[in-house]
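J.: Here it is, the structure in full.
The values are calculated or read from the model by the stated rules, or taken from the named source; none is laboratory data. Computed from a predicted structure; not experimentally measured. Methodologically, a virtual Cβ is constructed for each residue, glycine included, from the backbone with ideal geometry; neighbour enumeration extends over all protein chains shown. Accessible surface is based on the protein model in full, side chains and every heavy atom, while ligands, DNA and RNA are left aside. Shrake-Rupley method; radii C 1.70, N 1.55, O 1.52, S 1.80 Å.
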Amino acid sequence: MDERTRSVLIDPSEPIGAALRRMDATGSGIVLVVAEDGKLLGVATDGDMRRWIIAGKAFDDPVGAAMNPRPCTIREGWARERVEHLMAERHFECIPVLDERGRVVDAVWWHDLMEGHARRAER
């Protein structure tokens, strides 16, 4: 797992405000909510947080309460084209990569995929 992915992992008990600060610090619009053993519990996007706040909920509520507990994920070994198609179709910025036990082992970032296209086009 790279540092960028590690930087968006967050405990479900962390407050919404901490999750927003993490998103701001990392420049991402998502945090991956994980259990102590690294198992993905859900994801929380900046949109999820915005809806939470608009609904009158508190910044100090746990991020686990505002997360999507059934996010779209992929398994290790997916073909790049399949991942690109899924991310383009659903407009994902990031998609977690899980092992067979549901633990986060990496994430695929849309920006990185598009950067790869640009490098190949320059050749």
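J.: I'm trying to understand the selection: among the residues of the range 4-21, which are of a type in the set (D, E, K, R) and more than 12 Å from the chain's Cα centre (by Cα)?
T.: Scanning the range 4-21 gives Asp11, Glu14, Arg21.
J.: How many of the residues in the range 1-43 are aliphatic (A, V, I, L, M), open to solvent by less than 20 Å² (accessible area, probe 1.4 Å) and closer than 14 Å to Val104 by Cβ?
T.: 8
J.: Going by what's in this entry, would Asp37 be described as more than 13 Å from the chain's Cα centre (by Cα), in contact (Cβ under 8 Å) with a residue 60 or more places away in the chain and in a loop (DSSP other than H, G, I, E, B)?
T.: Yes.
J.: Mind checking whether some residue in the range 81-89 is touching a strand residue (DSSP E or B) at 6+ places or on another chain (Cβ under 6 Å), open to solvent by less than 90 Å² (accessible area, probe 1.4 Å) and not in a helix (DSSP H, G or I)?
T.: No, because not a single residue in the range 81-89 is touching a strand residue (DSSP E or B) at 6+ places or on another chain (Cβ under 6 Å), open to solvent by less than 90 Å² (accessible area, probe 1.4 Å) and not in a helix (DSSP H, G or I).
J.: Test Val108 against the stated conditions and say whether it is touching a strand residue (DSSP E or B) at 6+ places or on another chain (Cβ under 9 Å) and in contact (Cβ under 8 Å) with a residue 40 or more places away in the chain.
T.: No.
J.: Among the candidates Trp109, Trp52, which residue alone is within 18 Å of Met1 (Cα to Cα) and of a type in the set (Phe, Trp, Tyr)?
T.: The unique qualifying residue is Trp109.
J.: Something else about it: Among the residues that make up the range 51-67, is at least one of them acidic (Asp, Glu) and free of Cβ contacts under 8 Å to residues at least 40 places away in the same chain?
T.: No, the conditions are met nowhere in the range 51-67.
J.: Among the residues of the range 65-79, write down those that are within 13 Å of Leu40 (Cα to Cα) and out of contact with any Gly (no Cβ under 7 Å at 6 or more places or on another chain).
T.: Those that are within 13 Å of Leu40 (Cα to Cα) and out of contact with any Gly (no Cβ under 7 Å at 6 or more places or on another chain): Arg70, Cys72, Thr73, Ile74, Arg75.
J.: Take the range 1-33 and flag every residue that is part of a strand (DSSP E or B), closer than 17 Å to Arg51 by Cα and among the β-branched types (Val, Ile, Thr).
T.: Ile30, Val31
J.: Could you please tell me which pairs satisfy a Cβ distance under 6 Å, a separation of 6+ or placement on different chains, a first residue in the range 81-95 that is in contact (Cβ under 8 Å) with a residue 24 or more places away in the chain, and a second residue that is part of a helix (DSSP H, G or I) and surrounded by fewer than 17 Cβ atoms within 10 Å (Cβ to Cβ)?
T.: If the second residue must be part of a helix (DSSP H, G or I) and surrounded by fewer than 17 Cβ atoms within 10 Å (Cβ to Cβ), the pairs left are Glu84/Leu113; Met87/Trp110; Glu93/Trp110.
J.: Follow-up. What is the residue count in the range 44-80 for residues that are within 17 Å of Val105 (Cα to Cα), open to solvent by 80 Å² or more (accessible area, probe 1.4 Å) and outside any loop (DSSP other than H, G, I, E, B)?
T.: Result for the range 44-80: 2.
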